[in-house]
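Asks: The structure's right below; bear with me while I get my questions together.
Read the figures in this text as sums done on the coordinates, not as results from a lab. This one's a predicted model, so the numbers in the text were calculated from it and none came from an experiment. Neighbour counts are summed over all protein chains in view; Cβ atoms, including those assigned to glycine, are modelled from backbone coordinates with ideal geometry.
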Amino acid sequence: MKNRLIFSAFFVINFYGLSYCQGNIRNEIHSKNLTWVSLEYEPTYDFQEQLSEVVIASFQVNEGLRLKDSQKIRSGVLSAINNLIHMNDNNLSLKAHNPWYLYKMRMGLRLKRIYNSNDLESQKIYFDEFNRELYKSIKSYGLKNKKFYYQSCPVTFDHKGGYWFNDKPSIRNPYMGISNQNCGFVAEIIK
């Protein structure tokens, strides 16, 4: 019941957010080649800690995809959504809040697609998209006292590559399954 309530609340936020983006910002949301400028936002330590919790929640989705465990995938998605919903962005400046709002909406949309899909291959694609948005958020707002490994597998998705986060340098590829779970490399250490 609690998970359903959290999920419903997120979709209400998502709906109002999409209506907010009807002007010029809407074009940015639909751009295929999204880029970001690493601005010097000065978020609070709490904001950065909460962003870390979103990364940590993604580990469960990763594990679920790797093991083909739909229950674990859904549980991880609900945890990530819960962390996104409860992030305190009230202390962000207007300059820092607007980009955060877009990142949050994009991540939420990908999580919603993972949750609503029963197709493992589609879930993997949405998870990769989610991780790319999460990476952009981290690069824009930073983390404090956390160390994550942004990992990649270049042969995933017909050699287009896929990305995910890990708390250890060892590779646990969510896209290739158990037999090829070690396929990949550490693309960046984020601290």
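Asks: Of 114, 171, which residue is touching a Cys at 6+ places or on another chain (Cβ under 8 Å) and not basic (Lys, Arg)?
Replies: Among 114, 171, only 171 is touching a Cys at 6+ places or on another chain (Cβ under 8 Å) and not basic (Lys, Arg).
So that you can scan it fast, the table gives a plain yes or no per residue for (1) touching an Asp or Glu at 6+ places or on another chain (Cβ under 9 Å); (2) closer than 21 Å to residue 171 by Cβ; (3) assigned to a helix (DSSP H, G or I):
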| position | (1), (2), (3) |
| --- | --- |
| 48 | no, no, yes |
| 55 | yes, yes, yes |
| 58 | no, yes, yes |
| 73 | yes, yes, yes |
| 77 | no, no, yes |
| 89 | no, no, no |
| 99 | no, no, yes |
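Asks: Among what's in segment 138-186 and is of a type in the set (A, V, I, L, M, F, W, C) and touching a Gly at 6+ places or on another chain (Cβ under 9 Å), pick the residue that is surrounded by the fewest Cβ atoms within 10 Å (Cβ to Cβ).
Replies: Checking each candidate, the answer is 155.
Asks: Counting only residues that are part of a helix (DSSP H, G or I), under 18 Å from residue 118 (Cβ atoms) and not aliphatic (A, V, I, L, M), how many does segment 61-71 have?
Replies: 4
Asks: From the list 90, 83, 116, which residue is over 17 Å from the mean Cα position of the chain (by Cα) and without any contact (Cβ under 8 Å) to a residue 60 or more places away in the chain?
Replies: On the way: 83 fails: over 17 Å from the mean Cα position of the chain (by Cα); 116 fails: over 17 Å from the mean Cα position of the chain (by Cα).
Exactly one residue qualifies, and that residue is 90.
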